[in-house]
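One structure is given below, encoded as structure tokens.
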Amino acid sequence: MRPVRVPAVASAVAALALVSGCGAAGGPESAGETPSAVEPARLWPDLPPASAAPYDYGEGETARIPGITVPGGDVRRLDPVAVAQAGLKAKSDRDSGLDELPDGTVRQIRACRTAPDDCPVLNPYYFDLTGDGRDELVLGIRIPGRQLAVRAYRADEGGRDGLTRIMSTSDAVISVELAGRDLVLRAPSAISGYEYRTAWSWDARQRAMLATRDEILRAPERREDAGRDRTPSPSGPGSPSADGR
């Protein structure tokens, strides 16, 4: 099946300009024919579409966090360790298994009060991921193999004081960054000089963070300041809470 070509209006305008003598000395000249737009060609059009996803990526999975109330809907007033501990008992609305943590990490989270030096819960960050003017809570939890579990929590709406986990994923991350309202996870690739970048974005219909973009890209070239800390300043927005680890 050959692609259908759509004639470009700019080409006709350029041709008309040449006929009218606009290419005379001192006047504007045509830059040549404008490339035509080409519609995408569908390959194997008779192939029946898949009816189910090949595997569960955990997208759109949420969980109500039991025993946690959010005074005034302000997640900054929460104890991040208490949230992580309560999250161990949370039941997700769809069981993908991607919110589960290794047994050793679970024991460390439960012992955060008595053994704070071994607590895997990192300093929290606060960002308006949903665009509703309120901050969400973003937690990182260290897990074995130099991997990181990243979770985001949102205060319930409508005057309710509950807390809902709207994102849960884990990877061997190079970094976690905020781009606009997206959380971007960078992870190493098996191809030297490349890395994976996954952007998680709020989806108002699903009421959860979805992996809206997953790419493999050239890794940034190393610079002299590559080792410097690029996390937000503790004095700026999105700063870690002094209560968390």
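Miscellaneous remarks
- Of all residues in the stretch 178-202, those satisfying the criterion of being open to solvent by 30 Å² or more (accessible area, probe 1.4 Å) and either among the basic types (Lys, Arg) or in contact (Cβ under 8 Å) with a residue 12 or more places away in the chain (or both) are LEU178, ALA179, ARG181, ASP182, ARG186, PRO188, ILE191, GLY193, TYR194, TYR196, ARG197, TRP202.
- Checking the stretch 80-88 against the condition returns a match, with at least one residue being within 19 Å of LEU163 (Cα to Cα) and assigned to a loop (DSSP other than H, G, I, E, B).
- Taken together, ASP156, ASP128 contain a single residue that is open to solvent by less than 50 Å² (accessible area, probe 1.4 Å), more than 23 Å from SER92 (Cβ to Cβ), touching a strand residue (DSSP E or B) at 6+ places or on another chain (Cβ under 8 Å) and not hydrophobic (A, V, I, L, M, F, W, C), which is ASP128.
The values are calculated or read from the model by the stated rules, or taken from the named source; none is laboratory data. Since this is a predicted model, take the numbers as computed values, not measurements. Heads up, the Cβs are rebuilt from the backbone with ideal geometry, glycines too, and the neighbour counts pull from every protein chain shown. Note: areas computed on protein heavy atoms with side chains; ligands, DNA, RNA excluded. Shrake-Rupley method; radii C 1.70, N 1.55, O 1.52, S 1.80 Å.
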